[in-house]
1. I want to verify a result. In a Gaussian network model of the chain, Cα cutoff 10 Å, which of these has the top mean-square fluctuation: Asn76, Asn138, Asn41?
2. For the chain, what is the percent of antiparallel DSSP beta bridges, rounded to the nearest 5?
3. Tell me the label only: which of (i) 67, 43, 24; (ii) 63, 49, 28; (iii) 83, 32, 31 is Cα extents along the principal axes in Å as calculated from this structure?
4. Which one of Phe43, Ala104, Asn114 has its Cα pushed farthest toward the positive end of the charge dipole of the chain, where Lys and Arg give +1 and Asp and Glu give -1 at the Cβ?
5. If you filter the stretch 33-107 for trypsin sites (Lys or Arg not before Pro), then keep DSSP loop positions with at most 15 other Cβ within 10 Å, what is left?
6. Which shape class, rounded, prolate or oblate, goes with the stretch 33-149 when its Cα gyration tensor gives a ≥ b ≥ c as root eigenvalues, a/c under 1.5 marks rounded, and past that a/b bigger than b/c marks prolate?
7. Given the C-alpha atoms of the stretch 94-201, compute the convex hull and give its volume per residue in Å³.
8. List the lysines whose alpha-carbon lies under 30 Å from that of Lys3, not counting same-chain residues fewer than 8 positions away?
Amino acid sequence: MDKFTTLTGVAAPMPLVNIDTDMIIPKQFLKTIQRSGLGKNLFDEMRYTQDGAEIADFVLNQPAYRKAEIIVAGDNFGCGSSREHAPWALLDFGIRCVISTSFADIFFNNCFKNGILPIVMPQEVVEVLMEDAKKGENARMTVDLEAQTVTTSDGQSFGFEVDPFRKHCLLNGLDDIGLTLEKVASIDTFEAKANLLRPWV
């Protein structure tokens with residue numbers, strides 16, 4: 001998993017509330033177990049017509065936001081069914097951070113496990129960040145995980161809370177496998193001792 005330290009990038013404004021996981025990655029794309037390749041289908045039914053043409057007024061189809069790395073969203077982002085493909089699709093597109101007033105619990109947890117930082121902010125702060133995001137590609141937002149701040153293009157800075165353990169994992173690029181590998185010496189010692197005590201196992 002890639003480390004998340006400081007991110008400066010374009011933020012896409014998505015003021016819709018209740019953006020669910022089926023909107024993020026529709027059910028027909030859940031057949032794969034690979035984490036890559038889903039970015040092209042992110043928000044598929046909002047980005048494309050039934051014949052595959054781009055819908056010009058959807059935010060991620062607009063030239064200013066095609067390379068967005070941050071989403072500023074409405075309330076209750078990631079609700080609906082618990083599909084890990086949702087953060088996979090966001091990450092494959094290039095999104096590393098989502099800011100909202102609230103997230104569905106399972107989606108929120110899945111983001112951390114896949115290298116995406118979900119940030120919960122008060123409504124009044126999200127409104128400021130949303131307006132900043134609407135400025136387009138020249139208005140770059142900065143997310144500093146170490147300092148736990150989000151800074152707008154004009155220098156307004158807002159603090160956010162994050163669980164210390166999840167912060168540690170993101171800063172060090174540790175998913176569940178990475179966390180296990182940190183303990184490999186202890187695991188090897190345990191296995192060697194177990195082999196001596198129970199050689200028949």
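1. Highest fluctuation of the listed residues: Asn138.
2. Numbers: 12 of 25 bridges.
DSSP beta bridges in the chain are roughly 50 percent antiparallel.
3. (i)
4. Selected residue: Asn114.
5. Details: sites: Arg35, Lys40, Arg47, Arg66, Lys67, Arg83, Arg96; in loops: Arg35, Arg66, Lys67, Arg83, Arg96.
Here the sparse-neighbourhood loop sites are Arg35, Arg66, Lys67.
6. On the way: a/c = 1.63, a/b = 1.13, b/c = 1.44.
It is oblate, given that a/c is not under 1.5 and a/b is not larger than b/c.
7. Working: hull volume 13.9 nm³, N = 108.
Output value, Cα hull per residue: 128 Å³.
8. In chain and number order, the partners are Lys27, Lys31, Lys40, Lys67, Lys113, Lys134, Lys135, Lys167, Lys183.
The values are calculated or read from the model by the stated rules, or taken from the named source; none is laboratory data. What you are looking at is a predicted structure, and each value in this text was computed from that prediction instead of being measured. All Cβ positions, even for glycine, are placed from backbone atoms using ideal geometry, and neighbour counts span all protein chains on display. Accessible surface areas use protein heavy atoms only, side chains included; no ligands, DNA or RNA. Shrake-Rupley method; radii C 1.70, N 1.55, O 1.52, S 1.80 Å.
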